[in-house]
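Notes follow the structure.
The values are calculated or read from the model by the stated rules, or taken from the named source; none is laboratory data. As the structure is a prediction and not an experimental result, all values here were calculated from the model. Cβ placement follows ideal geometry from the backbone for every residue including glycine, while neighbour counts extend to all protein chains displayed.
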Amino acid sequence: MLVALALALAPVMQAPPTQSPRVLDAGELRRVCLDLLGRPPLADERARWIGQPAEATLVAITESRGFWAQWLEEQLWYFLLVDQFAPRGDSVLRLPDALEAGEVDVRDAVHRLALAPNFDQRNPGADTFVTVVMEQLCGLSVDKQRRELEFGKKMYDGAQTRFLGGEGRTQSDVVKLAVQSESFARHYLTREHERLAHAKADPRALAQWTKRFQKDPREYPLLVREWLSGESLERRLATRRPISNRVWARSLHVDLLEAEPTREQTEPMRQALDSLADPAPLRSVMARLLLDGGKAKIEPLGSDRAAWARAQWLRVLGREPRADELTAVVDALAQPACRVETVLYALVTSEEAASY
């Protein structure tokens, strides 16, 4: 009986509360998609991912073709393989499909990029080519590695020699030895972390990532998910950054047409915007032209103007309108002269829409 009484009076040991998985709201999902896909989420993606665990959403995005298409575009811009140097051959243009299917990894893909005719045209001659390989692929300073540069130039010209820790005698060998080096892995992960997490990598963490990548480059999507999880995600979402012209052009199409644009649709816009010191006025003109073109997907206003306004704020800005914003737009929509296109124009050309 005493044992039973003792057990009855003993404090109940409760299991620690389980922490709910982090979910993404509309604004957070928009910013993650802009980083990983180069565009806002489409309507069906918003329906699937808003309110879902962030980890599952990150897996879905990083396993998609869109993720790899954006990855390729970022690499082309990094190596300045754009405009007249943009690749046109299938070996490069098929990379998103090959990466999604697991036929190649990111190291293979960068190798293929650096052997494309466009890369050679962009960086002609032994000195320029090997310099770019050392600096842009491996993050090495040729001013501090003059001897390595000379070895690379000899290999480029067909001499059997040693470069970055390996033997070779061709231009192809120069690239192969570069992408296989630890310097490439470290530099590649450094710049990708800064691009996606918008922060400098911790040296100790970078060393571990480099080891994992060197062992298996297919770890890259897993690393991306780690960079955008937990505290790293919170830090990423704590600050906003300006949106580039090429991402803005795609965002405009998604926000107004609810469809992923083709390169042919956005590239002329990007080129025009990049030619200006201040692209804001031209962005406004482009938004007006797209809205007036008759193809914009605009929800009918209906009788509930407040509900319509909330839907547009979530669609374009990823948040609910403030009370003052909601009152202003509802009052404006009550006026016969105010069109729904006017409200959407104000949203897509706002200062808030120019950052993420």
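Things to note:
- Hey, LEU228 assigned by TED's automatic domain parsing to the domain that holds TYR345 and under 30 Å from THR349 (Cα atoms) or not: no
- Test: residue in segment 139-146 that is without any contact (Cβ under 8 Å) to a residue 60 or more places away in the chain, closer than 19 Å to GLN75 by Cα and under 30 Å from the mean Cα position of the chain (by Cα): yes
- Residue in segment 149-163 that is in contact (Cβ under 8 Å) with a residue 12 or more places away in the chain, under 24 Å from PRO87 (Cβ atoms) and of a type in the set (D, E, K, R) present: no
- Residues in segment 88-127 that are closer than 22 Å to LYS154 by Cα and either assigned to a loop (DSSP other than H, G, I, E, B) or of a type in the set (Asp, Glu) (or both): LEU115, ALA116, ASP120, ASN123, PRO124, GLY125, ASP127.
- Candidates GLU192, GLU167, GLU234, GLU219, filtered to the one that is assigned to a helix (DSSP H, G or I) and surrounded by fewer than 16 Cβ atoms within 10 Å (Cβ to Cβ): GLU234
- Across segment 89-119, the qualifying residues are those that are without any contact (Cβ under 8 Å) to a residue 12 or more places away in the chain and of a type in the set (D, E, K, R), and the one among them that is farthest from LEU189 (Cα to Cα) is ASP90.
- Selection within segment 143-164 - in a loop (DSSP other than H, G, I, E, B), of a type in the set (A, V, I, L, M, F, W, C) and either touching a Lys or Arg at 6+ places or on another chain (Cβ under 8 Å) or within 15 Å of LEU223 (Cβ to Cβ) (or both): ALA159
- Search result, residues across segment 325-339 that are under 38 Å from the mean Cα position of the chain (by Cα) and touching a residue at least 12 places away in the same chain (Cβ under 8 Å): GLU325, LEU326, VAL329, VAL330, LEU333
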